[in-house]
Protein chains: 2
Amino acid sequence: MRKRNPPARPQPSLPARQPTMMDVAQLAGVSMKTVSRVVNKEPNVRNEVRERVTRAATALGYQPNFSARSLAGERSFLIGYLFGDPGGDYAHRVEVSILNRCRGAGYHLLVEQLDDAAADVAERTAALVSQLRLDGVILTAPITDNAEVLRVLDEARVPYVRIAPDAESDRSPAVCIDDMRAAQELTEHVIGLGHRRIGFIKGDPKHAAARLRLRGFRRAMSAHKLEVAEQLLEQGSFSYASGLDCARRLLHRRPRPTAIIASNDDMAAAVIAVAHEMGLHVPEELSVVGFDDAPIAQVVWPALTTVRQPIPLMAEAATDMLLARLAPRGGGAWPSPMPRRELDYELKVRQSAAPLGGYRRRGAAGN
Amino acid sequence: MRKRNPPARPQPSLPARQPTMMDVAQLAGVSMKTVSRVVNKEPNVRNEVRERVTRAATALGYQPNFSARSLAGERSFLIGYLFGDPGGDYAHRVEVSILNRCRGAGYHLLVEQLDDAAADVAERTAALVSQLRLDGVILTAPITDNAEVLRVLDEARVPYVRIAPDAESDRSPAVCIDDMRAAQELTEHVIGLGHRRIGFIKGDPKHAAARLRLRGFRRAMSAHKLEVAEQLLEQGSFSYASGLDCARRLLHRRPRPTAIIASNDDMAAAVIAVAHEMGLHVPEELSVVGFDDAPIAQVVWPALTTVRQPIPLMAEAATDMLLARLAPRGGGAWPSPMPRRELDYELKVRQSAAPLGGYRRRGAAGN
DNA sequence: CCCCGCGTTGGCAGCGCTATCATACGCAGG
DNA sequence: CCTGCGTATGATAGCGCTGCCAACGCGGGG
């Protein structure tokens, strides 16, 4: 037990003990309960008292003990972030944005990486939410759609918000972009450049976004009466390595596609690398576009034409939704209908896609 | 308060309440204290009893309440991860590795991003460790050397391990590689290819590694009686953007350097981009090398010759050190002398550096 | 025979806080 | 004058668990 202070402490000097709410109460000349009210920003405290308590707390350097709060009350001031993909920078960018939002709200962030395919996802999730009594959870794909995880969260009655989940959309609040329309628009951009023979690299089918992007591609193609040759469709997994494999296969088809649409930027970058390797010039001989506007999009050469997904905004929106729900006035349930934020994407036209038979633009790679 | 159960509950059916240690104790026919011993893997419990308790706990789906544990005891089973750099994938890779190690040990991970330059680093750190009673903390550069943060951690008596800290090395355990020797070796590799006029892009001087890498470069140069022209030294900040600026300046010097050593891969990739932009062929007309073996190293073309830093191993080693210290037998203090793990780096020779006047190797970009 | 030590188990206070209820007070209306 | 009500504050009982200490049974030395 943490340095149990004896009934009468002989040393009147440095207590070497964190000040408690009791100490603040004594210094301010009020009861503990009033201090609690001030700390929790509850109403019904006179301003004069509130200030006195605040000053006492500051003077003592008082820090509320979250364990005690959580044990006595019904809030832990902890939110969890569950992500699936250990690689890539997506998960990290989301995390940083969540942190930015938690900061001001007095919440702390607990993270856990869950392998979607692992056998113990349910147990691990249960451990997290039951042991720590998380107030809420934010999920990113692909575990947004892991039935086990969602079941555990529902049973534990922990509110959660999903970023880019699958279609089962009214199970929880969600934040997303319109992946299908974005893919459609991107495809139309490529078609508009004159390309007809267009290859497509699919993403990991466990991600809803991968399926939606494929569907958007198909729609744009059929809207323009273009055939989607099955041999120009390759199954990737969102990783750079998978992009290399798919690109090699696609670029050996005859006739060769004049443009390749990849379901994310990592795979698009891999296509460019393979093109280099084969001595194919991008974009003169091959146009390549990606998706996400990940950092890699501006690093490869030529810079990738892609769809920018506003990841920080999405993560912030998700956090804000969750925090609003957790606030005392947030009520004990999600508002109806289930909140859903759909944010705008943006087509970023750079140098990796050009008109069929077009010229090479040399110059600054940035945009 | 969480559903305070009335003295006599009328409904004997679903409790809708998490089972407590008391419930387990009753089912197993022992005292709460014994359950506590089993849960905490303490000695002095008969095997038969231990198994009986374990079965009861499993049957009820018992999950220990971490808040209560932390409040009553002296351990919170929470460790904190403080990172500085919000961009890049370094922080994320470290985090994932820490998580992998925490998993088995029954610890959960709390993260916080601290801006090294912000005015409130001390407060934020204090809030984290005092409010949540973290058992330990892991730090990455550059906040490994933030005096405020370290002071707060020391005062709160929270054990911490630093990854790649500055020279003040016996203040805490640390994990690192020999950045200076690695830079020296890398520089010697470049010199060995015949280069004499070598540019160097420095990293953010707040990072110890940046300073050490520069020193290693200087050593190698002077060991080979080569002058380090100050105009071939540029100050970067580890970011891709800063790399672009530095590269532009370096490549307009006359006579132009025949090789550029960047303090990390992001900046090295930027050098390659600028070279492309200027129509300079890499590596025939310009050799470029980086540091870290970040994912970008294999994505740019030509793939970067660089020094691989074993980030996952470093993070795991740091976590293991911390967990060993926190274990009941870990004692109340760090062993003496202060533990320090220095891990091996590895020179990864790829295609971005070639003999002066050498030929271009075409072929697979990967390695 | 008793007493001590050791391995094993239980009793209980209390960690720091919040929920609930009680109290005190001022002020309007009967 | 009392009653009723709304606002401001206090008293108290735990939340679930662990640290400390006591208790118990057993075997061996005095």
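The values are calculated or read from the model by the stated rules, or taken from the named source; none is laboratory data. Every value quoted in this text rests on a predicted model; they were computed, and no experiment measured them. FYI the Cβ positions are ideal-geometry reconstructions off the backbone, even for glycines, and counts take in every protein chain you see. Protein only, heavy atoms only, side chains kept; ligands, DNA and RNA dropped before computing areas. Shrake-Rupley method; radii C 1.70, N 1.55, O 1.52, S 1.80 Å.
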Output the residues belonging to the stretch B:6-25 that are loosely packed, with under 10 Cβ neighbours inside 10 Å and either among the charged types (D, E, K, R) or modelled with pLDDT under 50 (or both).
B:Pro6, B:Pro7, B:Ala8, B:Pro10, B:Gln11, B:Pro12, B:Ser13, B:Leu14
Take the residues in the stretch A:53-68 that are closer than 25 Å to B:Leu78 by Cβ and in contact (Cβ under 8 Å) with a residue 24 or more places away in the chain, then tell me which one is most open to solvent (accessible area, probe 1.4 Å).
A:Leu60
Quickly run through the stretch A:73-112 and pick out the residues that are facing chain B (nearest Cβ under 9 Å), farther than 14 Å from B:Glu95 by Cβ and in contact with a Lys or Arg (Cβ under 9 Å, 6 or more places away or on another chain).
A:Gly73, A:Glu74, A:Ser76, A:Phe77, A:Leu78, A:Arg103
Requiring at least 2 residues that are open to solvent by 10 Å² or more (accessible area, probe 1.4 Å), the strands (runs of 3 or more DSSP E) wholly within the stretch A:195-292 are A:233-235
From B:Arg249, B:Arg213, grab the single residue that is closer than 26 Å to B:Pro142 by Cβ and within 21 Å of the chain's Cα centre (by Cα).
B:Arg213
Leading residue by the ranking (least open to solvent (accessible area, probe 1.4 Å)) among those in the stretch A:329-343 that are in contact (Cβ under 8 Å) with a residue 12 or more places away in the chain and not in a loop (DSSP other than H, G, I, E, B):
A:Leu343
If you go through the stretch B:217-234 one residue at a time, do you hit one that is over 19 Å from B:Ala183 (Cα atoms) and touching a residue at least 12 places away in the same chain (Cβ under 8 Å)?
yes
Being more than 9 Å from DNA strand D (Cβ to nearest atom) and within 28 Å of the chain's Cα centre (by Cα) is the filter here, so list the residues in the stretch A:60-77 that pass it.
A:Phe66, A:Glu74, A:Arg75, A:Ser76, A:Phe77
Being free of Cβ contacts under 8 Å to residues at least 60 places away in the same chain and away from chain B (no Cβ under 14 Å) is the filter here; which residues of the stretch A:274-292 pass it?
A:Glu285, A:Leu286
Which residue pairs have Cβ atoms closer than 6 Å, lie 6 or more positions apart in sequence or on different chains, and pair a first residue in the stretch B:37-52 that is within 14 Å of chain A (Cβ to nearest Cβ) and on the phi > 0 side of the Ramachandran plot with a second residue that is open to solvent by 90 Å² or more (accessible area, probe 1.4 Å) and near DNA strand C (Cβ under 8 Å from one of its atoms)?
none
Which members of the stretch B:39-52 meet the condition of being under 34 Å from the mean Cα position of the chain (by Cα) and open to solvent by less than 70 Å² (accessible area, probe 1.4 Å)?
B:Val39, B:Asn40, B:Glu42
Condition check for A:Ser67: on the phi < 0 side of the Ramachandran plot, within 7 Å of DNA strand C (Cβ to nearest atom) and modelled with pLDDT of 95 or more:
no
Looking at the stretch A:158-184 only, could you name the residues that are within 17 Å of A:Ala210 (Cβ to Cβ) and out of contact with any Ser or Thr (no Cβ under 9 Å at 6 or more places or on another chain)?
A:Ala167, A:Glu168, A:Ser169, A:Ile177, A:Asp178, A:Asp179, A:Met180, A:Arg181, A:Ala182, A:Gln184
Quick test of your reading of the structure: B:Ala28 fulfils all but one of (1) open to solvent by less than 40 Å² (accessible area, probe 1.4 Å); (2) under 32 Å from the mean Cα position of the chain (by Cα); (3) of a type outside the set (Lys, Arg); (4) not assigned by TED's automatic domain parsing to the domain that holds B:Arg325. Name the failing condition by number.
(2)
Residue, nearest to A:Pro86 (Cα to Cα), within the stretch A:113-148, restricted to residues that are away from chain B (no Cβ under 14 Å) and at pLDDT 95 or above
A:Leu139
Subset of the stretch B:42-93 (residues that are among the polar types (S, T, N, Q) and touching a Pro at 6+ places or on another chain (Cβ under 9 Å)):
B:Gln63
Among the residues that make up the stretch B:169-182, is at least one of them in contact (Cβ under 8 Å) with a residue 60 or more places away in the chain, assigned to a loop (DSSP other than H, G, I, E, B) and open to solvent by 20 Å² or more (accessible area, probe 1.4 Å)?
yes
